[in-house]
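The values are calculated or read from the model by the stated rules, or taken from the named source; none is laboratory data. Just so it is clear, the model here is predicted, and its values are computed rather than measured. Cβ coordinates were reconstructed from backbone atoms using ideal geometry, including for glycine residues, and neighbour counts include every protein chain displayed.
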Amino acid sequence: MSRAAAPLAISEGQQEVLEALAKSQSAPHRVVRRARVVLLAGDGVSNSAIGEMVGVSRPTVLAWREQFENEGLAGFGEVARGRGPKPSISKEKVAEIVELTWHSKPDGETHWSCRSMAKRVGVSPASVHRIWSARGLKPHLVKTFTLSNDKRFEEKLVDVVGVYLNPPDQSVVLCVDEKSQVQALDRTQPSVPMKKGRAGTMTHDYQRHGTTTLFAALNVLTGVVMGRCLPRHRNTEFLKFLRVIDREVPKGLQIHMICNNYGTHKHPNVKAWLAKHPRFHLHFTPTSSSWLNLVERWFRELTDKAIRRGVFHSVNDLIAAIEDYLKASNDNPKPFIWTATAEQILTKVARGRVALQQVKNQ
């Protein structure tokens with residue numbers, strides 16, 4: 001009978017790593033098996049017994065023991081150069097797939113899919129997916145953008161970002177906007193609740209029961225939102241909301257408001273009211289730059305969490321849902337922190353304008 005090999009020397013730190021790998025549900029199978037082999041070798045189990053327990057040959061056990069003795073955990077589980085499965089797709093074919101993805105489209109379609117590309121070049125859709133993933137190519141996705149054409153873009157940008165990053169003393173900074181024409185949508189049939197193995201459902205068609213407009217002011221420092229739902233979106237309603245802000249903000253504080261360029265905010269009636277209330281200071285974002293107003297981020301949360309999947313039998317139901325979310329948000333407010341400087345934004349915008357001009361010149 002062959003003599004069992006001496007137990008493999010494993011440090012305490014190595015033991016912890018190997019035990020974690022041996023129990024892992026996400027590590028490659030070869031790494032899990034190798035960790036089990038090394039641990040069993042450390043317990044003094046014979047090489048033949050280890051091979052039978054783990055499902056590998058005795059020479060493999062010997063090779064893995066020797067490698068661990070010489071290298072420890074360095075490069076543990078890596079496939080040696082020249083070993084492992086050979087690529088089934090040539091470099092020329094990969095280059096062809098990448099070139100077609102970058103510079104062409106399938107006939108009659110706007111973008112490539114894994115199946116259409118696979119059919120074009122004669123490989124499997126899974127192979128196309130692997131090649132795209134390795135190179136970060138996502139032809140099925142598209143992002144939207146708009147570069148502002150505001151002639152005073154830089155001036156307004158610097159002003160708004162300056163208020164965010166260096167708010168004036170003895171003041172409150174409010175991001176103010178309106179979420180207009182919020183629809184009270186009622187589903188034509190009852191929704192089916194979620195159960196194990198099946199998501200909740202709701203009908204795609206709906207009945208309209210009217211609209212409301214939410215006027216909101218986000219306190220940049222605290223994250224608290226003042227909000228009022230009003231039936232229309234005119235300077236009259238905006239003035240009502242300004243009076244709400246005037247009542248709720250302590251009298252000793254100046255009020256700096258980030259607003260967009262909607263005509264309501266610049267109406268003569270509004271200008272006249274502001275002239276009589278000098279503690280109000282309006283800072284206008286550039287056109288097509290709603291991303292500069294932090295309250296838009298809060299509007300997105302409201303839509304995702306309280307409106308999009310809601311069922312409202314009337315406008316009053318919709319208003320009640322908005323007010324419930326407003327209260328819950330203010331009970332545990334979380335401010336959105338602005339970090340980008342005006343210089344960083346201007347650099348990105350400049351790159352975007354260059355890229356856009358290059359596309360126009362093609």
**Asked** Among all residue pairs at least 6 apart or on different chains, which show Cβ distances below 8 Å where the first residue, located in the range 134-148, is under 30 Å from residue 286 (Cα atoms) and in the same structural domain as residue 114 (by TED's automatic domain parsing) and the second is of a type in the set (Gly, Ala, Ser) and outside any helix (DSSP H, G or I)?
**Response** none
**Item:** Candidate set: the range 105-125, residues that are under 16 Å from residue 138 (Cβ atoms) and small (Gly, Ala, Ser); chosen: the one surrounded by the most Cβ atoms within 10 Å (Cβ to Cβ)
**Value:** 116
**Prompt:** Which of the residues belonging to the range 214-239 are polar (S, T, N, Q) and either part of a loop (DSSP other than H, G, I, E, B) or touching a strand residue (DSSP E or B) at 6+ places or on another chain (Cβ under 7 Å) (or both)?
**Reply:** 219, 222
**Asked** Looking at (1) surrounded by 11 or more Cβ atoms within 10 Å (Cβ to Cβ); (2) under 27 Å from the mean Cα position of the chain (by Cα), which is the one condition that is false for residue 337?
**Response** (1)
**Item:** Members of the range 63-91 found to be surrounded by fewer than 16 Cβ atoms within 10 Å (Cβ to Cβ) and either part of a helix (DSSP H, G or I) or modelled with pLDDT of 90 or more (or both), listed by number
**Value:** 63, 66, 69, 70, 71, 91
**Complete:** A careful count of residues in the range 154-199 that are over 18 Å from residue 339 (Cα atoms), in contact (Cβ under 8 Å) with a residue 40 or more places away in the chain and either in contact with a Gly (Cβ under 6 Å, 6 or more places away or on another chain) or not in a strand (DSSP E or B) (or both) gives 3
**Prompt:** For the range 240-333, which fully contained helices (runs of 4 or more DSSP H) count at least 2 residues that are among the small types (Gly, Ala, Ser) and under 24 Å from the mean Cα position of the chain (by Cα)?
**Reply:** 315-331
**Prompt:** Which is assigned to a loop (DSSP other than H, G, I, E, B) and closer than 15 Å to residue 60 by Cβ, of 45, 32, 38?
**Reply:** 45
